[in-house]
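Beneath this line is the structure, given in structure tokens, with notes to follow.
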Amino acid sequence: MIKKKILMVCLGNICRSPLAQGILAEKCKKFKVFIDSAGTSSHHIGQEPDLRAQMTAKEYHIDISNQKARVLTTDDIKTFDQIYVMDKSNYSNTLKLLKNKEDEQKIDLILNAVHPGSNRDLPDPYFGGKDSFKEVYSLLDDACEKIKKQLEKIQDIER
């Protein structure tokens with residue numbers, strides 16, 4: 001039985017959130033966790049992740065090619081236990097979907113996992129080159145490692 005559901009959110013769901021989903025899924029293979037991703041815009045619905053994101057993930061032996069971009073919904077807010085957004089714009093757009101104030105505590109900027117309370121944006125690599133994707137991968141890898149450690153603590157408590 002899945003004990004935790006985590007959603008990664010960026011703008012188009014083709015660069016940052018698919019990478020975050022892939023990285024965290026790889027790190028959390030042994031946990032009872034479901035990880036997905038979505039975008040706050042509908043520009044890329046049904047598309048695979050950006051080829052540069054796929055190539056970057058593949059360099060680290062992570063395959064994200066089977067992911068398809070989709071739009072964040074109000075049902076996602078109800079369904080997921082934790083929602084990590086990539087920047088303040090994604091945060092603001094996610095808040096607009098809230099049906100109740102309590103759900104706001106589920107949403108956080110992903111880099112707060114590494115730098116609590118700093119509210120830093122994860123750069124969008126879309127208009128950059130390969131180095132931009134590598135930089136984003138590195139930042140996400142650090143954040144996902146912290147999230148994994150939090151999940152380990154939860155799993156230990158629930159045993």
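Among 137, 126, 91, determine the one that fluctuates most according to a GNM of the chain built with springs between C-alpha atoms less than 10 Å apart.
126
Taking only Cα atoms and a 10 Å spring cutoff, compute GNM fluctuations for the chain and point out the largest among 108, 81, 131.
131
When the accessible area of the chain is computed with all protein chains present and a 1.4 Å probe, what percentage of it is carbon and sulfur? Walk me through the numbers before you get to the answer.
Working: 4190 of 8400 Å².
After summing per-atom areas, the C and S share lands at 50 percent.
When you take every Cα atom in segment 64-144, what is the radius of gyration, and what is Dmax, the widest Cα pair distance, in Å?
For segment 64-144, the Cα radius of gyration and maximum Cα-Cα distance read 13.7, 40 Å.
With a cut-off of 8 Å between alpha carbons and a minimum separation of six or more residues, what is the relative contact order of the chain in percent? Don't skip to the end; give the middle numbers.
Working: 288 pairs, mean separation 41.6, N = 159.
In percent, rounded to a whole number, it is 26.
Which of 93, 112, 66 moves the most in a Gaussian network model of the chain with Cα springs under 10 Å?
It is 66.
How large is the accessible surface per residue of the chain, computed with a 1.4 Å probe and reported in Å² as a whole number?
Numbers: 8400 Å² over 159 residues.
On a per-residue basis, the chain sits at 53 Å².
List, in order, the whole-Hz ³J(HN,Hα) value for each residue of segment 113-126 obtained from phi through the Karplus relation with A = 6.51, B = -1.76, C = 1.60 and θ = phi - 60°; use x for Gly and Pro.
Once θ is set to phi - 60°, the couplings for segment 113-126 become 5, 9, 10, x, x, 7, 6, 7, 7, 7, x, 8, x, 3 Hz.
Could you work out the pair-distance distribution P(r) of segment 8-79 from its alpha-carbon pairs, with 10 angstrom bin width and percents rounded to whole numbers?
Taking all Cα pairs of segment 8-79, the binned fractions are 23, 51, 24, 2 percent.
Counting helices only, and only those DSSP H runs with n ≥ 4, report the 222 nm mean residue ellipticity of the chain as the sum of -39,500 (n - 2.57) divided by its residues, in deg cm²/dmol to the nearest 500. Don't skip to the answer; put the middle values down first.
Numbers: 5 runs with 64 residues, N = 159.
Calculated from helices alone, the mean residue ellipticity at 222 nm is -12500 deg cm²/dmol.
How much of the pair distance distribution for the chain lies past 24 Å, counting alpha-carbon pairs only, in percent?
On the way: 3356 of 12561 pairs.
Of the Cα pairs, 27 percent sit more than 24 Å apart.
The values are calculated or read from the model by the stated rules, or taken from the named source; none is laboratory data. The model shown is predicted, which means the values in this text are computed figures rather than measured ones. These accessible areas exclude ligands, DNA and RNA; they are computed on the full protein's heavy atoms, side chains included. Shrake-Rupley method; radii C 1.70, N 1.55, O 1.52, S 1.80 Å.
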